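Trainee: Attaching a single structure in structure tokens format; questions to follow.
Just so you know, all these numbers are worked out from the coordinates, no wet-lab data involved. For clarity, every value in this text was computed on a predicted model and none was experimentally measured. Every residue, glycine as well, gets a Cβ built from its backbone with ideal geometry; the counts of neighbours run over all protein chains shown.
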Amino acid sequence: MQNKFEELKKRIAEVSAINSASAVLGWDQQVNMPPGGAEARAASLSALEELSHSKFAAPETGRLIDSLYGWAQGLGADSFEAGYLRAVRRDYEKAVKLPPEFVGEFSRATSEAINAWTKARGDSDFKAFAPHLQRILDLNLRKAGILGYKASPYDALLDLYEPGATKARLEPLFKKLAAGLAPLIKEIAARAGSVSSDLVRGGFDEAAQFGLVNEIVEALGYDFSRGRQDRSAHPFTTDFSAGDVRITTRTERDWLPAALYGSVHECGHALYGQGTPREFDFTPLAGGASLGVHESQSRFWENIVGRSLPFCAWLLPLLRKRFPGRFDKASPEELYAAVNRSAPSLIRVEADEVTYNLHILLRYEAETSLLEGRLKVADAPEFWNARMKELFGIVPARDSEGILQDIHWSLGAIGYFPTYTLGNLISAQLAEKMDKDLPGWRGLPARGEFAPILGWLRKHVHVHGRKYLPDELLMKELGSGARVEPFLEYVKAKYSGLYGF
Ligand code: MG
């Protein structure tokens, strides 16, 4: 058996090496590549993807998995071998289910949809995007049918991003969340003018910002000998191995939080990647448990640590050094208020911690209704605007600031958005557990002491890589799946303090 396992590992390591090469090309595309390189790069990426897929989905991979599965589970559910076989079997079953013709059709439809969406958003013309959205929905329905589901086709799609998640389990979470947030949003709206973000707005030298965020991520524990930070239009993290996990950020001259919290967010993702055991490199155990668990890491560092008063107390002297004169009179409390201002907004990516999950709720309602045929594509903008009014009390003047704002649907991703909310919920659960295991940890950032916090995450989350399904991991380390209460308590305590209610 050991020989067969070595054979499987060798095969998977080759596939992973190809995928890692694709990731380098993808990183380069967003960070360095001149526009003229687009066509050749797309050809290289698709050739590598085909190579990787045909090697991975080959019948021989399936035979090895079948012959090893029982042996590996016999070594104990927590063993490397058992986790390896569970993960590779899940991936293999998905890979062989979708016929190559379907994959090709899906990929053609999404590249056309991305172009159409880019133009439609620019012109704020939903009608021009509508046929593409319809095609994406139809293809996703077919995909769900091929992958299989019990209650809703949405479940099959969700499972691609958050293994094990279902609509039936998400629904009560969203309901509770919306009910808990509504009164909070009202209280904040009644005191809208009492918190200002002027302190972090307007005229910050961008080279100084980049220097600052490099200093910050290093202090958090990001290892520059196993990664680097660059700038790109949309910040992202990419892992080639645990020895090379890269992040990007985006500076905006007039809005310091873009680079500041963009970097801390991506750093949270990257710490997860850098913290995965090296023996998981080039195995199916590399990477995070799911998108939701990954997002719990980025949101934990960005919001729970990065937007706390102790963090602001530590940050303030760094800001004074980088931006002479700008912060001389500011107090940590003023900085804390400035980076936590809450207000209903049209754009999801600009939303604060309180309103953010309502943006996800709205997107979730729209995409489940569309997929299940309860909402027609032509009526989607009207649905969007009516729900914006109910949830936020504001209505976008243009679809570009409403239903057309996000790229995900044109990428073919239906069922992706809920992972953002799951990440937010899990981040608060992690903080709650840390209160028990590491009393006093919330004050540590004031002294720039981040290592004990990172150490806890390493030990309870990072060390497992992709060995467990998200719910298994949460049960094991937190004693329950995703819950709404810790998050609601956290935002209520924080924002009642900030806004004085
Ligand atoms: Mg993220």
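Trainee: If each of residue 226 and residue 201 carries a label point 7 Å out from its Cα toward its Cβ, how far apart are those two points in nm?
Mentor: Inter-label distance under the simple model: 4.1 nm.
Trainee: Now a separate question. Sum up the charges of everything whose Cβ sits under 12 Å from the Cβ of residue 409, counting Lys and Arg as +1 and Asp and Glu as -1, but leave residue 409 out. Present the calculation step by step, with values, prior to reporting the outcome.
Mentor: Working: positive: 121, 135, 363; negative: 367, 406.
Net charge in that neighbourhood comes out at +1.
Trainee: Continuing with the same structure: How much net charge surrounds residue 18 when only the other residues with a Cβ under 11 Å from the Cβ of residue 18 are counted, with Lys and Arg +1 and Asp and Glu -1? Mind showing how you got there, number by number?
Mentor: Numbers: positive: 55; negative: 14, 49, 50.
After counting each charged neighbour, the total is -2.
Trainee: Could you line up 267, 312 from fewest to most neighbouring Cβ atoms inside 10 Å?
Mentor: Numbers: 267 30, 312 24.
Placing the least packed residue first, the sequence is 312, 267.
Trainee: Placing +1 at every Lys and Arg Cβ and -1 at every Asp and Glu Cβ, with all other atoms neutral, what dipole size does the chain have around its Cα centre, in debye to the nearest 20? Can you show the working numbers first?
Mentor: Numbers: 61 positive and 64 negative charges, 109 e Å.
Dipole size: approximately 520 debye.
Trainee: Could you list, in their original order, any pairs among 389/492; 143/433; 4/467; 150/467; 150/176 whose Cα atoms are separated by more than 27 Å? Walk me through the intermediate numbers first.
Mentor: On the way: 389/492 23 Å; 143/433 38 Å; 4/467 20 Å; 150/467 25 Å; 150/176 24 Å.
Distance filter (> 27 Å) returns 143/433.
Trainee: Among the complete DSSP H segments of the chain, which ones combine at least 18 Å of alpha-carbon extent along their axis with a mean Kyte-Doolittle hydropathy of 0.5 or more? Walk me through the numbers on the way to the answer.
Mentor: Working: long enough: 2-31 (42 Å, -0.41); 38-56 (27 Å, -0.11); 59-74 (24 Å, -0.48); 80-97 (26 Å, -0.80); 100-123 (34 Å, -0.63); 126-147 (30 Å, 0.30); 167-190 (35 Å, 0.45); 206-220 (21 Å, 0.72); 256-275 (28 Å, 0.17); 309-322 (20 Å, 0.65); 356-371 (23 Å, 0.19); 418-437 (28 Å, -0.47); 485-499 (21 Å, -0.34).
Length and hydropathy pass: 206-220, 309-322.
Trainee: Give the residues of the range 40-79 whose amide nitrogen is closer than 16 Å to a point set 7 Å from the Cα of residue 1 in the direction of its Cβ.
Mentor: Only 64-79 fall inside the zone, counting backbone N under 16 Å.
Trainee: Please work out how much length the chain gains when fully extended from residue 17 to residue 75, using 0.36 nm per residue of separation minus the C-alpha to C-alpha distance, in nm with one decimal.
Mentor: Values: separation 58, 0.36 × 58 = 20.88 nm, distance 2.72 nm.
Result for the pair: 18.2 nm of gain on full extension.
Trainee: Further question on the same structure: Testing the spin-label approximation: label points 7 Å from Cα along Cα→Cβ at residue 146 and residue 55. State their distance in nm.
Mentor: 2.2 nm
Trainee: Of 480, 107, 16, how do they rank once you tally other Cβ atoms within 10 Å and put the fewest first? Provide the component values of the computation, followed by the final result.
Mentor: Values: 480 10, 107 13, 16 19.
Listed from fewest to most nearby Cβ atoms, that is 480, 107, 16.
Trainee: How many angstrom separate the Cα center of the range 410-441 from the Cα center of the range 137-194?
Mentor: If we compute the Cα centre of each part, the gap is 14 Å.
Trainee: Right, here's the next one. Please compute the net charge surrounding residue 115, taking Lys and Arg as +1 and Asp and Glu as -1 over other residues with Cβ under 15 Å from its Cβ.
Mentor: Details: positive: 108, 119, 121, 135; negative: 39, 112, 123, 125.
Cβ neighbours under 15 Å give a net charge of 0.
Trainee: Report Rg(Cα)/(2.2 N^0.38 Å) for the chain, keeping two decimals.
Mentor: Details: Rg = 22.8 Å, N = 501, 2.2 N^0.38 = 23.4 Å.
Normalised by 2.2 N^0.38 Å, the Cα Rg of the chain equals 0.98.
Trainee: Another question, then. Per DSSP H run of at least 4 residues, take -39500 (n - 2.57); add these up for the chain, divide by its residues and hand me the 222 nm value, nearest 500 deg cm²/dmol. Don't skip to the answer; put the middle values down first.
Mentor: Numbers: 19 runs with 310 residues, N = 501.
Using -39500 (n - 2.57) per qualifying helix, the result is -20500 deg cm²/dmol.
Trainee: Testing the spin-label approximation: label points 7 Å from Cα along Cα→Cβ at residue 475 and residue 138. State their distance in nm.
Mentor: In this crude spin-label approximation the distance works out to 4.1 nm.
Trainee: A follow-up question, please. What are the residues whose amide H is under 5 Å from the amide H of residue 230, where those residues sit 5 or more places off or on another chain and H is modelled from the backbone?
Mentor: For residue 230, the qualifying residues are 247, 248, 249.
Trainee: Let me ask something else. What list do you get for 305, 349, 31 if you sort them by fewest beta carbons within 10 Å?
Mentor: Values: 305 23, 349 12, 31 16.
Listed from fewest to most nearby Cβ atoms, that is 349, 31, 305.
Trainee: Shifting gears a bit: Decide, for the range 322-479, between rounded, prolate and oblate: order the square roots of the alpha carbon gyration tensor eigenvalues as a ≥ b ≥ c, take rounded if a/c falls under 1.5, and otherwise choose prolate if a/b is larger than b/c, else oblate.
Mentor: Working: a/c = 2.77, a/b = 1.36, b/c = 2.05.
In terms of gyration-tensor shape, oblate.
Trainee: Which residues in the range 328-359 place their backbone N less than 15 Å from a point set 7 Å from the Cα of residue 189 along the Cα-to-Cβ direction?
Mentor: 342-346, 354-356, 358-359
Trainee: Something else now. Straight-line reach only, C-alpha to C-alpha below 17 angstrom: list the lysines that residue 321 could link to, leaving out same-chain residues fewer than 8 apart.
Mentor: The qualifying lysines are 329.
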